[in-house]
Structure formats: C-alpha cells, structure tokens
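Let me begin by presenting the structure, written as structure tokens, before commenting on it.
What follows draws every value from the coordinates through simple rules; no lab data is involved. Keep in mind it's a predicted model, so treat the numbers as computed, not measured. Cβ: placed from backbone, ideal geometry, glycine included. Neighbour counts: every protein chain shown.
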Amino acid sequence: MNATSQLSEYGSKTELQMIKMKKNIILFTAFLALALLNSCYYDSEEDLYPQNSSCDTTNITYTNAVFPVISSRCTSCHTGIGAGGNVQLDNYNNIVAAVNNGSLMGSIRHESGWSAMPKNAGKLDDCTIRKLEIWIADGAPNN
C-alpha cells in the first residue's frame with residue numbers, strides 16, 4: 001500500500017499520523033508493562049525478609065543477654081530517684097515490673113501508646129529485641 005492509497009483510505013495526513021501515534025503508544029505501554037512485570041523477581045519470603053544469621057538466640061539469660069543491654073542502653077536515664085518517667089531499670093525486680101506492665105517491650109518496640117526508647121537514639125536492633133522477647137517468653141527468669 002503506497003502513501004497515496006493510505007491517505008485516501010484514512011482521509012487525511014493528520015488522521016494517519018494519529019493512528020500511527022496510537023499504535024506507538026500501545027506498543028510502548030505494552031513494552032513498559034512487560035518490563036515492569038519482569039522486574040519483580042523476589043518471590044520468596046527468604047529473599048524479601050532475610051534473617052540475620054549472626055543473631056545467636058540460644059542460652060538467653062538475664063545475666064548474659066538482658067542485663068547487659070539494659071545496663072548499657074537504659075540505666076543512664078532510668079536509675080534512682082530521678083529516673084526518667086519514674087521508670088527504674090537498675091535491678092532485676094524493676095526490670096520485671098516494666099516487663100509485667102508492658103512498658104519495657106512497648107517502649108523498645110516503639111509501639112503506639114508507649115514512649116519510644118532509647119530516647120533520642122535509634123531503635124534497638126532486631127536481634128537484641130528478639131533476645132528480650134525470648135527471655136520474657138521463658139518467664140523472665142533471674143538467671
């Protein structure tokens with residue numbers, strides 16, 4: 001089909017250009033859709049949410065896992081009479097009281113309704129939070 005017969009079939013040069021432009025838009029949209037669909041290649045939970053293999057959650061005790069974290073990250077503000085928020089975390093009994101009322105985990109997980117801790121610092125890493133969760137799930141023993 002030559003240009004003259006195409007023009008007579010479609011009516012005008014502008015109409016022919018519009019049809020070619022629509023074809024190009026459809027082809028481009030189809031190409032873009034295929035490209036976007038093929039770009040999502042993570043299809044397993046392990047790829048999407050990798051676990052930190054260096055997090056050792058065996059033998060979690062108050063002495064080796066809980067108190068060192070509380071001591072290094074919390075007691076600078078939560079000790080003695082002037083403890084921040086009237087929350088004392090300087091000994092086992094005070095820590096267990098915070099566990100029992102939910103404030104310890106609520107704060108370190110940055111849950112709604114709790115003051116995010118440590119204050120003016122980043123959230124504790126997932127491994128540390130997991131260790132505290134395990135200790136609490138085991139009954140928060142003084143070991």
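Calculate, for ASN100 and ALA121, the FRET efficiency according to 1/(1 + (r/R0)^6) with r their C-beta to C-beta distance and R0 25 Å; round to the nearest 0.05.
Result of the calculation: an efficiency of 0.55.
Cross-link candidates for LYS131: which lysines have Cα within less than 29 Å, leaving aside residues fewer than 8 places away along the same chain?
LYS119, LYS123
Calculate, in nm to one decimal, what THR63 and GLN17 gain on full extension: separation in residues at 0.36 nm each, minus their alpha carbon distance.
8.7 nm
With charges set only on the Cβ (+1 for Lys and Arg, -1 for Asp and Glu), what does the dipole of the stretch 62-137 come to about its Cα centre, in debye to the nearest 20?
Here the size comes out at about 80 debye.
Each residue of the stretch 95-108 in turn: what ³J(HN,Hα) in whole Hz from Karplus with 6.51, -1.76, 1.60 and θ = phi - 60°, glycine and Pro shown as x?
Computed from phi, the couplings for the stretch 95-108 are 5, 5, 4, 5, 5, 5, 8, x, 5, 4, 6, x, 6, 6 Hz.
Once the dipole of the stretch 100-143 is set up with Lys and Arg at +1 and Asp and Glu at -1 on Cβ about the Cα centre, which of ALA116, ILE129, ASN143 lies farthest towards its positive end?
ALA116
Between CYS55 and ILE26, what is the FRET efficiency for a Förster distance of 41 Å, r being their Cβ-Cβ separation, to the nearest 0.05?
The formula returns an efficiency of 0.20 here.
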